[in-house]
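Computed from the coordinates by the stated procedures, all read-outs in this text should not be read as laboratory data. Owing to the predicted nature of the structure, the values given are computational and were not obtained by experimental measurement. Counting neighbours? That spans all protein chains shown, and the Cβs are built from the backbone with ideal geometry, glycine included.
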Amino acid sequence: MSDQKHDLEEPRDYLDESRRLIDDARHLYDDFRRDNPLGHMYDRNPYAVLAAAAGVGYVLGGGLFTPFTRRMMRVGLKAMVLPMAASHLRSLTNTELDPSQR
């Protein structure tokens with residue numbers, strides 16, 4: 001009789017454990033959805049998230065070491081470095097030529 005009782009309790013234990021596991025997984029999923037910073041960022045600026053996803057896909061797809069990427073990096077660096085260098089040169093020439101600053 002005790003063997004039959006033990007045999008009946010074992011499936012109940014598995015059932016209870018599986019229910020607890022499902023509840024824990026559901027709570028974990030709900031917590032992740034609530035606390036996920038990407039979800040909040042997507043709500044505020046969806047285009048930036050889509051652009052980041054496209055960039056990650058481009059890199060993972062093997063587009064990083066292509067001639068197109070090399071050209072785009074060159075253009076980007078010129079667009080970033082030239083204005084900074086021109087500003088720096090202007091500030092150097094203005095301080096040297098302006099006698100009222102001395």
- Task: Please give the FRET efficiency for residue 82 paired with residue 35, using the beta carbon to beta carbon distance and R0 = 41 Å, rounded to the nearest 0.05.
- Result: 0.45
- Query: So how far, in whole Å, is the C-alpha centre of region 44-76 from the one of region 16-36?
  - Reply: 35
- Query: Taking K and R as +1 and D and E as -1, what net charge do the other residues with C-beta under 14 Å from the C-beta of residue 22 add up to?
  - Reply: -2
